Each structure stands twice: as C-alpha cells, then as structure tokens.
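Down below is the structure, laid out as structure tokens.
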Amino acid sequence: MDFPEINGNESLKKSLSDLMEHNRMPHAVVINGGTPAQRDALANKLTMWAVCSAESKPCGVCKNCTNAKGRTHSDVYYAQGSGKTGIYNKDELVKIISDASIKPNDADRKVYVFSECDGKLPVISQNVFLKTLEEPPQDVMFVLTCEDSRGLLETIRSRCSVFTLENSSAPDEESLELAREIVLGIVSLSEMNLLKATYKLSDRQKSLETLDLIALLLRDGLAVYCGGEAETDAEVAQTLCKKLTKSHYLKLIDITKDAKVKINQNVGLKLVGTWLCAEYRRTLWQR
C-alpha cells in the first residue's frame, strides 16, 4: 500500500498496509502528531479505504473512493464545529451517535471524522462519545485527528488505536513559497498582490500546511520585533517588522488559526482565501 501523502513514517505505513490488506482496521482510530496536512491526508485515505467497493482497498478510482476523496460521499461525515473556535458540542455528538445506528447508504461502512479534536472536543462531548466507542454500532468507523492525543481523555484513547506520525523534517517548498508570498502580500502597497496569493489556496491539504507556515513566518516576525531571531526566514521577518506592530502580529496569527478552523469545517477554499485577504488587510489598517 502506497502512502504518498505522508513522507517517511515507514513503520506506520507498514502497519496500516497490513491492517488494510487483512481488513483488520480498528473501529476507532486516532491520528496523532505530524502536521495538520499529514493528519488530514491520512484521515482522508482511511475514509477511502472504509468505503471502497474494490477488492483491493482503497483503489482510488471507484465511485466510492472518488467521492470520499472529494468529501462528498454520503456515508462519510465530517463533524461540524460550532462557534468561532469550531468546538464539537454535545448536540453534535448526540446527532452523530444517533446517525451511526442507521445503515450505510452506498458503502459497507459509515465513517465519522473529527478533525483536530484535541482542541475542539471538550470533556463533556468526549463523555457523551465514550459509550459509543465502548459499544460501537456495526459497520461504523470513527477517525479522530489531533496534534497531541494527550489532549483527549485516557478513557477515549484507550478505546481507540493511536497512529502517530513523525514530524516532517522540512516543510514543503511549494507551501513555504506560497506562505512567503501571502505574508509579504499582507504588507504590500497593493491589495491585489495579497488577493492573488490567497487565491492560490486551491488544495485543502496544502492550504492547511501553508497556513501553518504563515503562522510560523508571522511568529518569526514577532520574535525579531521583540529582539529575538527568526528560525525560518530572517529576510521576510525583517520586511514584516518595518510595517507591523506587536498587536498586528497577534491579530494576524489569530486570523490564520481561524482560517484553519474554516477549512476543517469544509468552507470552500475560494471563500476562505477571499475572507483571509480581507481580514489580513483590515488588520493592517488598524493601529
């Protein structure tokens, strides 16, 4: 089984391949560590495997795989967060638990995905979810992604199989270059430069990685502003410092986090890009 979505992680790839080949994938998994883009890509791969109609899963070409990859499959549900922070509240968990008891529509399984749940799945929601994990409905799979699984209750972790991704040693150059273009667009005299850059956020996984790198470049700028050193791009950090204040940096980083929440809530990338451009520029004008 090939996993081009996640570089390295050879031991994990072998374990996943064996589980998929022998149809022994657990009913509940936690994808832990790595980057948001890696976690998201692996979660998507697992949904394809779960609904694939071919003998060798996931084939990547059947209708079920194609729909799962495009996040339009009727039997794959991405948990919907509420409020600005995208919290998975108790009502959403009750809805999912009720829906899980209904037979799949087009595939052999139903899949429920909780993205970045260590920061978005509060204790009250985890407790509501616990009994379903203990006694799962037949033909249902739960996929949870998180930066650090220690943010979940031990009772939740113990009922899931935790797959840990190694952190990537170097960022994707294409994503890093786009991140540079966007942060320089923030301080550009022409708003069109930023709009053109944010318009390039056209791939969900790369967009999440790019947003992480944008936050990293902004933190570099903040570090230099406060007398420290940049870790990623000193030249970009110096350019930002000529135009941004500490308040600017903090607000821009928060906006970047909000953009990730919107993407994880399946808001369209073009809409996110337009919103991001407007919010970045609005923040720049504030003093």
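Odds and ends about this structure:
- Residues being assigned to a loop (DSSP other than H, G, I, E, B) and either loosely packed, with under 14 Cβ neighbours inside 10 Å or over 15 Å from the mean Cα position of the chain (by Cα) (or both) - total across region 73-87: 6
- If you go through region 191-205 and keep only what is in a helix (DSSP H, G or I), open to solvent by less than 70 Å² (accessible area, probe 1.4 Å) and in contact with a Leu (Cβ under 9 Å, 6 or more places away or on another chain), you end up with Leu194, Ala197, Thr198, Arg204.
- Looking across region 230-252, just one residue is of a type in the set (D, E, K, R), closer than 29 Å to Thr145 by Cβ and assigned to a helix (DSSP H, G or I), and that is Lys251.
- Residue match in region 253-273 (condition: in a loop (DSSP other than H, G, I, E, B) and touching a residue at least 60 places away in the same chain (Cβ under 8 Å)): yes
- The set of residues in region 93-115 that are assigned to a loop (DSSP other than H, G, I, E, B), of a type in the set (Lys, Arg) and surrounded by 14 or more Cβ atoms within 10 Å (Cβ to Cβ) contains only Arg109.
- Residue among Asp148, Asp118, Asp172, Asp139 that alone is within 23 Å of Leu16 (Cβ to Cβ), at pLDDT 90 or above, open to solvent by less than 70 Å² (accessible area, probe 1.4 Å) and among the acidic types (Asp, Glu): Asp139
- For Met25, the conditions (1) within 25 Å of Lys206 (Cβ to Cβ); (2) open to solvent by less than 30 Å² (accessible area, probe 1.4 Å); (3) part of a loop (DSSP other than H, G, I, E, B) are fulfilled apart from (1).
The values are calculated or read from the model by the stated rules, or taken from the named source; none is laboratory data. No experiment lies behind these values; they were computed from the predicted model shown. Positions of Cβ are backbone-derived with ideal geometry, glycine not excepted, and every protein chain shown enters the neighbour counts. With ligands, DNA and RNA removed, areas are computed over all heavy atoms of the protein, side chains included. Shrake-Rupley method; radii C 1.70, N 1.55, O 1.52, S 1.80 Å.
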